[in-house]
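What follows is a single structure, written as structure tokens, with notes after it.
The values are calculated or read from the model by the stated rules, or taken from the named source; none is laboratory data. Model, not experiment: these values are computed from the prediction. With ideal geometry, Cβ positions are generated from the backbone for all residues, glycine too; neighbour counts draw on all protein chains shown. Surface accessibility is based on the protein's heavy atoms, side chains included, excluding ligands, DNA and RNA. Shrake-Rupley method; radii C 1.70, N 1.55, O 1.52, S 1.80 Å.
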Amino acid sequence: MTMSEADRVTRQGPPRWSREGARAAVRRAPRALLHDLTDPADPVRERPGHTSWRPVLVVPMVLCAVLLALMQANSLAPDNDGAVPGFPLLLGIAQAVALVAAMFRPVAAWWASTGLVTTLALTEPGIGATVPYPWTVPGMFLTGGTLFLLALRVRPRRAGGALVVTLLAGAACTVITAQPHNYDVDRAVPVLLAVVVVASSLRGLRKARRETDAQAELTAEERTLRTLLEERNRIARELHDVVAHHMSVISIQAQVAPHLVENPSDELRENLAGIRENAVTALTELRRVLGVLRSDDASDDSLRHAPQPTLDQLDALLGRVRKAGLTVTADTTGLPHALPPGVGLTAFRIVQEALSNVLRHAPGAEVQVEIAYRSSAVGVRVTNTAPAGRPAPATAGAGHGLLGMRERAAMLGGDFADGPTPGGGYEVAAVLPLEGRS
């Protein structure tokens, strides 16, 4: 939009309703109202579990409807006559059935209830001059209950349309009748209006709560996915560092090797040059694909480019956590030997993350770290006792720890398990295969 167009819109102000548009809206209103009140489809799509209240209230609703039906028939009995007329009793029972049916088919039940009220008012069976007309007191409860159940299940526009039709039907009955009555349309308007407003408000609250629950579930799923992606990115960064280190070593060794041999042949020089060239190319591609992930690391270059830790640095890790106040004992079984870089890094990270979890969630607990070296695998087990005193309060959101440990073990084809111990502590265990060991 240009400046001149914007100025013109500002001078003209907001668009006004034209007379033709208003007439068209008035002509469409009855058709829209009729469509709302005759469409059998229920716009409220209930999720499983959100309709469990209806079976529970069926029996109380039936008892209440029966009581109102009897009261309706009794209120329509001829003056000074204790006998209950059959036709009013039949209409009262039909209204009670419509009230119960409104729990399951609110639109159809409301139509039935409105038709029954109109029939009862027009036939005037025993309606004396003192009986409220066209709704008796029990009839007001029956009509109001049906409108309440309708407004709980449909959009406010449909509920408002049903209220208007109900009041118009009652007003029409007062115009058609030729006998004097105790008219109660003026009293019915605030009562039925309040019923519809309360029910629509409850429906709005239920809808908002359902949307909030759905949003909370979506947020939890997104948080879990984000945690998973962040941990995988961290793993990718560390693997990049391990692989890049070894590719660099291969490149350097291929470059130095010709100088370690007396009078190397041209064929040897050519092969070593090819090895170095391929190593450099692979290293360049690896850094191009995964090197961008390093941008999320610490800003300290010495930390970002330092060699990745392995189990050789386990003693230093245990010393740091002991200084933090944690009681840790370590036990190693089997003959320690060099591990593949990925396995050594994963084993170290599992121990590191397990100790961090103990510091956060079980202050004062005693920790046992066990490393088991086998010919085909290395086992890691970290067990802590119950926290001394009160446990630390739980942190909000999903954590990286256990998810990251499980991802690391699965990436190497290993097994991972965690869970509480009988004494109130916690245990983390992993078995990492040594398939890459030479």
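Keeping every protein chain present and rolling a 1.4 Å probe, give me the accessible area per residue for region 338-391 in Å².
Working: 2150 Å² over 54 residues.
Dividing the accessible area of region 338-391 by its residue count gives 40 Å².
Which FRET efficiency, nearest 0.05, do residue 208 and residue 360 yield, Cβ-Cβ r, R0 25 Å?
For R0 = 25 Å, the calculated efficiency reads 0.10.
Which whole-number percentage describes the relative contact order of region 138-260, with Cα contacts under 8 Å and a sequence gap of 6 or more?
Working: 41 pairs, mean separation 36.2, N = 123.
Relative contact order, region 138-260: 29 percent.
Quick one: which residues, 5+ away or cross-chain, put their amide H under 5 Å from the amide H of residue 184? H built at 1.01 Å from N.
Residues meeting the criterion, in which the H sits 1.01 Å from N, are 133, 135.
With r defined as the distance between the Cβ atoms of residue 270 and residue 232 and R0 fixed at 56 Å, what FRET efficiency is calculated, to the nearest 0.05? Please report the intermediate quantities before stating the final value.
Details: r = 40 Å, r/R0 = 0.72.
Computed FRET efficiency for residue 270 and residue 232: 0.90.
If I model a spin label as a point 7 Å beyond the Cα along the Cα-Cβ vector, how far apart are those points for residue 375 and residue 327 in nm?
3.9 nm
On the full set of protein chains, 1.4 Å probe, figure out the accessible area of residue 426 and give it in Å² to the nearest 10.
70 Å²
Using a Förster radius of 35 Å, what is the FRET efficiency between residue 368 and residue 225 based on their Cβ-Cβ separation? Nearest 0.05, please. Show your work: numbers first, answer last.
Values: r = 34 Å, r/R0 = 0.97.
Between residue 368 and residue 225 the formula returns 0.55.
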